[in-house]
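Novice: Dumping the structure here so I can ask a few things about it.
Bear in mind that the values in this text are calculations on the coordinates, not laboratory data. Worth saying up front: this structure is predicted, and the values here are computed from it rather than measured. Here the Cβ positions follow ideal geometry from the backbone for every residue, glycine too, while neighbour counts run over all protein chains shown.
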2 protein chains.
Amino acid sequence: MGDLSGYREDAVRFLNQAGASIGDVLEVQTDWGTVTGTLVPRYAYGVGDYIVLKLKSGYNVGLSLSGLKSAKVKEKGEKPSFTAPLPPKPAKGLPRVLILGTGGTIASRIDYKTGAVHPAVSSAELHSLVPELSEIARVEPEIMFDILSENITPKHWTKLAQRVKKAVDDGVDGVVITHGTDTLGYTAAALSFALAGVPIPVILVGAQRSSDRPSSDAPLNLLASTYVAGRAEFSGVYVAMHLGEDDDKVVFHRGNRVRKNHTSRRDAFVSVGVPFAAVWGRSGLEFVGEGLPKRGGPFKPRVRFDEGVALLKFYPSMAGSLVAAAKKGGAKALIVEGTGLGHVDKEVMQELRAFVKGGRLVFMTSQCIEGRVDLNVYATGRDLLEAGVIPLEDMLSETALVKAMWALGNSTSIDKAKELIISDITGETTTRTFPEKK
Amino acid sequence: MGDLSGYREDAVRFLNQAGASIGDVLEVQTDWGTVTGTLVPRYAYGVGDYIVLKLKSGYNVGLSLSGLKSAKVKEKGEKPSFTAPLPPKPAKGLPRVLILGTGGTIASRIDYKTGAVHPAVSSAELHSLVPELSEIARVEPEIMFDILSENITPKHWTKLAQRVKKAVDDGVDGVVITHGTDTLGYTAAALSFALAGVPIPVILVGAQRSSDRPSSDAPLNLLASTYVAGRAEFSGVYVAMHLGEDDDKVVFHRGNRVRKNHTSRRDAFVSVGVPFAAVWGRSGLEFVGEGLPKRGGPFKPRVRFDEGVALLKFYPSMAGSLVAAAKKGGAKALIVEGTGLGHVDKEVMQELRAFVKGGRLVFMTSQCIEGRVDLNVYATGRDLLEAGVIPLEDMLSETALVKAMWALGNSTSIDKAKELIISDITGETTTRTFPEKK
């Protein structure tokens with residue numbers, strides 16, 4: 001049987017009946033007519049019951065199996081070759097950049113002949129995706145996981161942090177982590193705490209458009225990330241994504257002040273409450289923010305996470321029993337996304353009061369996203385303070401969640417964890433160093 | 001005993017000891033020195049254990065009871081008068097606007113002598129707060145509730161909808177609802193469904209700065225809301241708040257496409273996925289969007305809500321047991337804020353599958369806020385579809401929550417409720433009528 005990379009189940013059966021392999025030109029009978037095109041491999045995370053043909057026009061068309069009658073091979077194609085030319089041996093003196101793959105849209109490469117997408121793993125493949133890489137750094141690619149980012153857990157955060165620590169010890173100049181965008185912000189926040197004080201840049205990078213589209217943002221994001229990881233004078237954990245819809249600038253967001261705010265745009269990520277950390281254009285860094293930590297310095301990562309933290313968003317007539325359920329589910333700490341300055345209704349307040357008893361922690365953030373919680377303005381806020389709820393200034397709720405997991409994972413007691421959570425570890429709340437956007 | 005409006009418990013005891021009344025000049029001994037000033041009434045929703053003095057400089061100072069030693073009355077003041085001059089009898093032919101008070105920062109007036117804040121209830125008081133009101137409409141103020149908006153429930157939504165229906169029957173030209181900003185967006189969405197097809201404008205209006213500050217946004221927001229309620233050619237449910245930080249323009253957001261996105265700014269509210277409905281400047285309406293419904297037409301409100309809906313925001317390592325807890329708490333429908341295009345991890349997916357069994361409903365929205373969910377791009381989305389999860393396009397999760405409560409409250413079966421939820425009732429998802437922002 002031929003190569004049917006990326007196809008699954010019914011699609012494989014359908015294609016095998018026709019004796020088709022990737023690269024063959026197929027003539028397919030559908031409910032609505034005949035389609036002729038070259039069979040291309042499927043994107044690894046794609047939906048299963050489609051086959052994809054590259055038409056003569058260059059466009060790919062996805063055909064749902066349910067509408068297909070039959071297929072025949074019109075022309076045997078060459079098996080597409082993924083052997084890209086080897087990159088030139090990088091010049092001595094270039095910075096060393098470790099590129100860790102975790103999965104997601106970014107970690108893929110396009111075959112320009114078939115439009116197919118495969119994980120980009122080897123140095124040669126990265127080179128064919130972004131030839132300029134070898135001019136700016138000696139890249140060392142390594143696949144750590146290959147999973148959709150909604151399935152990333154705190155255990156993965158720990159492994160990533162440990163791997164970065166090893167890279168630092170090995171003298172790597174910077175690390176790039178390719179990651180699905182869904183939970184990119186959570187992982188970035190997690191690493192910002194686990195790797196607080198890291199002496200090199202650690203850049204998490206994603207893509208919103210898969211590499212099988214001409215509009216893919218993957219190459220530019222990778223290029224900018226590698227540049228900054230290898231050459232920037234600052235250190236710390238950042239998220240790199242497109243600055244706008246144009247394919248010319250990449251922005252670096254602080255790892256714990258960033259949020260995916262759009263489901264599909266290439267500039268989906270935004271910095272919340274702080275200016276960008278840096279902006280990269282095709283000629284290099286065009287803007288570098290104030291107050292970023294310099295490279296170097298001592299570094300003692302704290303890489304553990306405790307999953308016993310829950311996050312609840314408050315809403316009108318929310319059942320207070322959800323708070324009790326979080327406790328029953330093992331939560332030692334609870335992050336509440338309150339309304340406005342950080343409020344909940346009376347029923348939920350009672351439940352938070354009960355949750356706090358027994359030494360558990362409740363922290364208040366706001367579902368407004370922008371701005372600072374303040375429990376001193378209205379009576380509800382004061383009652384929350386009296387109930388033991390701790391306001392978290394202008395910390396994002398997602399950052400608060402991850403920080404609580406980290407603090408609990410690296411503390412010997414709840415009280416010590418609480419102290420960590422309300423301390424500024426690495427710019428996650430606004431201090432003098434990170435001026436607040438008006 | 002003297003008038004101590006707005007003070008509570010310990011503050012009342014402390015002031016009674018000194019024989020003080022509002023308006024008296026007090027000399028107060030504190031831990032750190034002596035303060036002299038005029039005792040002003042307290043804002044009704046303020047924190048309890050403070051007393052507030054207006055200093056000679058005009059500034060108010062709040063003194064925490066815990067730091068106070070004693071007080072004595074230096075000078076008996078006049079009791080401040082809240083009798084404002086009566087508004088001129090409105091000219092015949094002005095539109096009739098009903099102003100319904102529910103509480104919150106907006107529903108308050110300032111006494112310029114003492115800086116005190118009281119609920120604005122009477123026609124005379126509204127006139128003293130915004131004298132121009134009587135030039136643009138015959139306003140008919142009515143207090144329905146006086147509660148902080150985090151305590152507003154679906155039962156209040158029903159009462160508001162019924163009251164608006166009565167106003168329509170009575171021939172009122174427009175309704176303004178003053179409301180705390182915390183849950184203003186939820187109430188607006190609720191009324192947009194309950195009052196779908198309403199033949200007059202219904203404007204929900206709030207304020208971010210209480211009227212005891214010179215920077216209060218309450219007067220301008222009230223003025224613009226009354227103008228639009230009485231005079232705009234369009235109908236429907238809208239939220240009116242400042243367009244920017246400057247005190248000169250008020251923007252009207254569609255009631256089910258609006259979100260409080262900042263905890264404290266005067267322009268905290270944003271339209272999501274659609275352009276503004278209208279913008280008001282001091283000389284009238286400066287912009288009116290396309291596709292707004294005209295005044296008039298048949299109107300049959302459906303005013304019931306069923307509280308058996310829960311909202312859960314997904315996050316890494318979320319305990320699947322929260323889904324089961326929502327079911328146990330009586331939820332017939334669940335709104336999930338997934339990551340990215342609408343994803344959750346495998347554990348939560350299993351729980352959603354179980355929730356759906358037995359005829360319950362699960363709807364997917366995105367925590368990204370902007371953009372559209374799409375369960376057809378990645379394998380996770382397809383698995384969710386197979387599990388029975390229903391994607392809600394670009395509907396805000398808050399709107400989805402409220403819409404599900406409304407649909408369940410006005411349907412004879414779960415299936416009919418589901419049909420309502422996935423139908424476009426009044427522009428809550430993007431259709432041709434409401435062009436999507438790029």
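Novice: Highest GNM mean-square fluctuation, chain B, Cα pairs closer than 10 Å: which of B:364, B:395, B:144?
Specialist: Highest fluctuation of the listed residues: B:144.
Novice: If I model a spin label at residue A:246 and residue B:294 as a point 7 Å from the Cα along the Cα→Cβ vector, what separation in nanometres do I get?
Specialist: Taking the simple label geometry, residue A:246 and residue B:294 are separated by 4.3 nm.
Novice: With springs connecting C-alpha atoms under 10 Å apart, model chain A as a Gaussian network and identify which of A:281, A:255, A:230 has the largest mean-square fluctuation.
Specialist: A:281
Novice: OK, next. Which shape class, rounded, prolate or oblate, goes with region A:223-300 when its Cα gyration tensor gives a ≥ b ≥ c as root eigenvalues, a/c under 1.5 marks rounded, and past that a/b bigger than b/c marks prolate?
Specialist: Here region A:223-300 falls in the oblate category.
Novice: Next question. Inter-copy label distances at residue A:330, 7 Å along the Cα→beta-carbon direction, one decimal in nm, shortest first?
Specialist: Shortest to longest, the spacings are 3.0 nm.
Novice: Assigning unit charges at the beta carbon (Lys, Arg +1; Asp, Glu -1) and nothing else, what dipole magnitude in debye, to the nearest 20, does region A:309-422 show about its Cα centre?
Specialist: 480
Novice: Taking the Cα atoms only, what angle lies between the long axis of helix A:154-169 and the longest principal axis of chain A, rounded to 10 degrees?
Specialist: That helix lies at roughly 80 degrees to the long axis.
Novice: Top mean-square fluctuation among A:187, A:399, A:380, Gaussian network model of chain A, C-alpha springs under 10 Å?
Specialist: Of A:187, A:399, A:380, the most mobile in the Gaussian network model is A:380.
Novice: Another one. Could you check the simple spin-label distance between residue B:162 and residue B:304, using points 7 Å along Cα→Cβ, in nm with one decimal?
Specialist: Each label point lies 7 Å from its Cα, and together they span 1.3 nm.
Novice: How big is the dipole moment of chain B about its Cα centre under a simple scheme where the beta carbon of each Lys and Arg is +1, that of each Asp and Glu is -1, and everything else is neutral? Debye, nearest 20, please.
Specialist: Roughly 700 debye, rounded to the nearest 20.
Novice: Next question. Could you check what % of the DSSP bridge pairs in region B:313-438 are antiparallel, to the nearest 5?
Specialist: 10
Novice: Follow-up question, since we're still on this one. Distance cut-off 21 Å, Cα to Cα: go down the list A:332/A:357; B:92/B:294; A:418/B:260; A:56/A:76; A:328/B:418 and report the pairs above it.
Specialist: B:92/B:294; A:418/B:260; A:328/B:418
Novice: Let me ask something additional. Charges at C-beta only: +1 for Lys and Arg, -1 for Asp and Glu. How large is the resulting dipole of the protein assembly as shown about its Cα centre, in Debye rounded to 20?
Specialist: Charge dipole of the protein assembly as shown: 740 debye, to the nearest 20.
Novice: Output the peptides B:197-208, B:94-105, B:7-18, B:322-333 sorted from most to least packed, where packing is the average of other Cβ atoms within 10 Å over each peptide's residues.
Specialist: B:197-208, B:94-105, B:322-333, B:7-18
Novice: For residue A:65, which inter-copy label distances result when the label point lies 7 Å beyond Cα on the Cα-to-Cβ vector, reported in nm to one decimal and in ascending order?
Specialist: Those label-point separations list as 7.2 nm.
Novice: Using r as the Cβ-Cβ distance of residue B:56 and residue B:376, and R0 as 51 Å, what FRET efficiency do you calculate, to the nearest 0.05?
Specialist: Approximately 0.15, to the nearest 0.05.
Novice: Mind checking which of B:276, B:389, B:243 is farthest towards the positive end of chain B's charge dipole, using Cβ charges of +1 (Lys, Arg) and -1 (Asp, Glu) about the Cα centre?
Specialist: B:389
Novice: Let me ask another. Can you tell me how the protein assembly as shown classifies by the Cα gyration tensor, rounded, prolate or oblate, using a/c under 1.5 as the rounded cut?
Specialist: Prolate.
Novice: Can you compute the modelled spin-label distance between residue B:215 and residue A:143, with each label point 7 Å from Cα toward Cβ, in nm?
Specialist: The answer from the label model is 5.4 nm.
Novice: Taking a cut-off of 15 Å between Cα atoms, list the aspartates and glutamates near residue B:166, but don't count ones fewer than 8 places away on the same chain.
Specialist: B:140, B:142
Novice: Now a separate question. Taking R0 as 35 Å, what's the FRET efficiency between residue B:135 and residue B:169 from their Cβ-Cβ distance, rounded to 0.05?
Specialist: About 0.80, to the nearest 0.05.
Novice: If you rotate chain B onto chain A, whose Cβ in B ends up lying nearest the axis, and how many Å away is it?
Specialist: Of all Cβ atoms in B, the one closest to the rotation axis yields B:325, 1.
Novice: May I pose another question? From the phi of every residue in region B:376-383, what ³J(HN,Hα) in whole Hz does the Karplus formula 6.51 cos²θ - 1.76 cosθ + 1.60 yield, where θ is phi - 60° and glycine or proline is x?
Specialist: 3J(HN,Hα) across region B:376-383, in whole Hz: 9, 8, 10, 4, 4, x, 4, 5.
Novice: Go ahead and estimate [θ] at 222 nm for the protein assembly as shown from helices alone: -39,500 (n - 2.57) per DSSP H run with n ≥ 4, summed, over the residue count, rounded to 500.
Specialist: Dividing the helical sum by the residues of the protein assembly as shown leaves -7500 deg cm²/dmol.
Novice: Report, please, the projected area of chain B averaged over directions, based on the convex hull of its C-alpha atoms, in nm².
Specialist: 24.1
Novice: Of all DSSP beta bridges in the protein assembly as shown, what percent run antiparallel (nearest 5)?
Specialist: About 55 percent, rounded to the nearest 5.
Novice: Let me confirm one metric for peptide A:374-381, namely the mean number of other chain beta-carbon atoms within 10 Å of its residues' beta-carbons.
Specialist: That works out to 5 on average.
Novice: Hey, if you put +1 on the Cβ of every Lys and Arg and -1 on every Asp and Glu Cβ in region A:304-438, which of A:319, A:401, A:359 ends up farthest toward the positive end of that dipole?
Specialist: A:359
Novice: Further, regarding this structure: How many partner chain Cβ atoms sit within 10 Å of a residue's Cβ in peptide B:151-157, on average, as a whole number?
Specialist: The mean count of partner-chain Cβ atoms within 10 Å per residue comes to 3.
Novice: Can I ask one more? Which distances in nm, rounded to one decimal and ordered from shortest, link the label point of residue A:76 to the equivalent label points in the other identical copies, with labels set 7 Å from Cα toward Cβ?
Specialist: The projected label point of residue A:76 is separated from its counterparts by 11.3 nm.
Novice: What FRET efficiency comes out for residue A:279 versus residue B:17 if R0 is 45 angstrom and r is the Cβ-Cβ distance? Round to the nearest 0.05.
Specialist: 0.15
Novice: Tell me which residues come under 5 Å, amide H to amide H, from residue B:235 once H is placed; ignore anything under 5 positions away on its chain.
Specialist: Answer set, sorted by chain and number: B:294, B:295.
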